[in-house]
1. Within the set of pairs 6+ apart or on separate chains, which have a first residue in the range A:55-67 that is farther than 15 Å from A:ILE119 by Cβ, a second that is among the hydroxyl-bearing types (Ser, Thr, Tyr), and C-beta atoms under 6 Å apart?
2. Only one of these conditions is not met by A:TYR49: (1) within 19 Å of A:VAL26 (Cβ to Cβ); (2) more than 14 Å from chain B (Cβ to nearest Cβ); (3) of a type outside the set (Gly, Ala, Ser); (4) in contact (Cβ under 8 Å) with a residue 24 or more places away in the chain. Which number is it?
3. Tell me yes or no: at least one residue of the range A:148-157 is farther than 30 Å from A:ILE245 by Cβ, within 14 Å of another protein chain (Cβ to nearest Cβ) and aromatic (Phe, Trp, Tyr).
4. Working only within the range B:183-220, note down all residues that are in contact (Cβ under 8 Å) with a residue 24 or more places away in the chain and on the phi > 0 side of the Ramachandran plot.
5. Using beta carbons and a limit of 9 Å, which pairs, at least six apart or on different chains, have the first residue in the range A:68-97 and within 14 Å of chain B (Cβ to nearest Cβ) and the second one part of a helix (DSSP H, G or I) and of a type in the set (Phe, Trp, Tyr)?
6. Of A:HIS109, A:HIS76, A:HIS115, A:HIS36, which residue is more than 24 Å from A:LYS186 (Cα to Cα) and either in contact with a Ser or Thr (Cβ under 9 Å, 6 or more places away or on another chain) or of a type outside the set (S, T, N, Q) (or both)?
7. Collect the residues in the range B:9-34 that are among the charged types (D, E, K, R) and either within 12 Å of chain A (Cβ to nearest Cβ) or crowded, with 19+ Cβ neighbours inside 10 Å (or both), keeping them in residue-number order.
8. Does the range A:166-184 contain at least one residue that is of a type in the set (Lys, Arg) and under 22 Å from A:ASN257 (Cβ atoms)?
Amino acid sequence: MALNQASSPSFTELQALARLIRFRTVRTSHLSGTPHLGSCLSCIDLLVYFYWRVMHVNPASPKDPLRDRFILSKGHAAPALFQVLAERGFFPLRELDHYGEDGSIFGEHPPCPAHLAGIEAATGSLGHGLPMGLGMALAARIQGLNYKVYVVLGDGECNEGSVWESAMLAASQKVANLTIAVDYNKWQATGRSNDVLALAPLADKWRSFGWCVSEVDGHDLKQIDEEINAHACDERPKAIIAHTIKGRGVSFMEDDNNWHYRIPTREEVYRAAEELDIASASVDLEGRMPISHG
Amino acid sequence: MRNAFADEVTRLAHDDKRVVLLSGDIGNRLFDKLRVQSPSQFINCGVAEANMMGVASGMGLSGLRPIVYTITPFTTTRCLEQIRIDVAYHESPVIIVGTGSGLSYASLGPTHHSLEDFAIFRAIPNLQILAPWDAPSLRVLLRSALASESPSYIRIGKKGEKDLAPIETVPSIGESLWLKNGDDLCIMAVGTVASEAIAAAAMLADVGINAAAVLVHSVKPLPLNIFEEVSARFRAILTVEEHSRIGGFGEGFLAFLGSHGLQRRVETLGTNDKFMPTIGSQDFARSYFGIDAINIAKAAKRVIYKTP
């Protein structure tokens, strides 16, 4: 897979890349004992889309003042983000070999930007990423810079009041260089997101808050791309309500909320590899002892 | 103090285009001059402090130097997690300003008091805690905090505070000001309540007690040089702060003495471990908690005459 240069790869290439990143995330979850696999798998297509299709970032110059910013506000999907950043060239893939070990930078949530290239915000406590992203977007306007800010939120995360505080300020300030995607997988930690707090109608909520809203299949890269392009010139902040499936890509994880916390067994990693078109020879679990932080 | 703050921010914003003031829908007309002079450098973030603090952090990480301003409880405990994570953990160069701190708004009731901010913030890494005692020291500290590029918290009063010392005598962060020398005891006072300590020293002088007075504005970093000097020169020491006696400046001094194996006669004056049950003026509230001049003078006599 040599898509590091982001030379506008095709959707077919990006789908294959998303499968590879899904597999690596599943494998790493097994080896490192890192949970939230379902939450990772539901947003990987969005991450791949933003990092290979939309954002202007240069891994060789991760602090370029003109770079686009990406914040994973649902920080518990960091295991997917780390794989994306490695594949995109922010750090060597082999650094992830020590994922979850004592002293590693790679754990359940993104660390402070000072500690890892490519990270813009240390999220993990929900409801923080959007306000910080809004501040970055406003900073572009105040300084006359042209960069854009992209934030991925969880639907469960929309429980947090700070999300809606931010939504109102972004609208009143007409922050056009801010785009969010809500990974609407219909689950949160312990139940259906619409049962825990009345979330629906989610798109209407964002619309009524003054945002330019699109609803898409969050696993359909072409559809996401069409919506992003259709609203590129809109002067409002933009929200993509991405209908997704928790655990997407691995049949026995899909829409099963046990995978919010469950760690896959060795056999499950091989089954996932098969479903994701990964040759079993490259699964490579031999000689590796899974870590348990239980 | 808040007028001096508005004036100083307006000057800073003029000289440094990175400075942006974020207000939590407060200061009606206070920032009119800034808004006319530098419209892009002022944002009213509404009554939404958690978001405001996160926005400030994002700005600080993107080349700006945001100053967040609202009434102290709402720019501290209301959005504590945003301060801890977004500002302090990220080391984003944000200046957090709490106006009407301590008992300034005694008449508004305990919802508007701030008597635990030092204690909470002392335990948060990367965050400077500053408490100017008057308008000139506020101006100096605002500039020092900006120059430090460090996350900083500045707690200020409201209006009408008397100037206690000329602006050129205000020491840098981590240092303190010897305002008055004395032999019988030393009073170290933090922030605006220092005016009560100075008045107490005058009352003590009337009865033949010669009290030294030290003005302190740095709660983190603590003024360790002054601690060394004061503990070397005095057997009787008072600390005064408009803050709970738990976890504040006074306890910081006691920890210094303890860790150096020093024994001195000390009282740490501050507010009691309770919410004030009635309203009143700031003077009334200071008297209620025993941090007014009369009660400071009484405490001074206790520490001087107490048998070690």
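1. Note: pairs meeting the criteria are A:LEU66/A:TYR147.
2. With (1) within 19 Å of A:VAL26 (Cβ to Cβ); (2) more than 14 Å from chain B (Cβ to nearest Cβ); (3) of a type outside the set (Gly, Ala, Ser); (4) in contact (Cβ under 8 Å) with a residue 24 or more places away in the chain applied to A:TYR49, the lone miss is (1).
3. Let us first name the residues in the range A:148-157 that are farther than 30 Å from A:ILE245 by Cβ, namely none.
The answer is no, given that none of the residues of the range A:148-157 is farther than 30 Å from A:ILE245 by Cβ, within 14 Å of another protein chain (Cβ to nearest Cβ) and aromatic (Phe, Trp, Tyr).
4. B:GLY191
5. Short answer, once both residue conditions are applied: A:ASP68/A:PHE50; A:PHE70/A:PHE50; A:PHE70/A:TYR51.
6. Working: A:HIS109 fails: more than 24 Å from A:LYS186 (Cα to Cα); A:HIS76 fails: more than 24 Å from A:LYS186 (Cα to Cα); A:HIS36 fails: more than 24 Å from A:LYS186 (Cα to Cα).
None of the others qualify; the one that does is A:HIS115.
7. The initial filter retains those residues of the range B:9-34 that are among the charged types (D, E, K, R), namely B:11, B:15-18, B:25, B:29, B:32-33.
Across the range B:9-34, the qualifying residues are B:LYS17, B:ARG18, B:ASP25.
8. Within the range A:166-184, the first condition is being of a type in the set (Lys, Arg), and the residues that meet it are A:174.
Going one step further and asking which of them are under 22 Å from A:ASN257 (Cβ atoms), we end up with none.
No, there is no match, as no residue in the range A:166-184 is of a type in the set (Lys, Arg) and under 22 Å from A:ASN257 (Cβ atoms).
Values in this text are rule-based calculations from the coordinates and carry no lab data. Model, not experiment: these values are computed from the prediction. Here the Cβ is made from the backbone with ideal geometry for all residues, glycine too, and neighbour counts use every protein chain on show.
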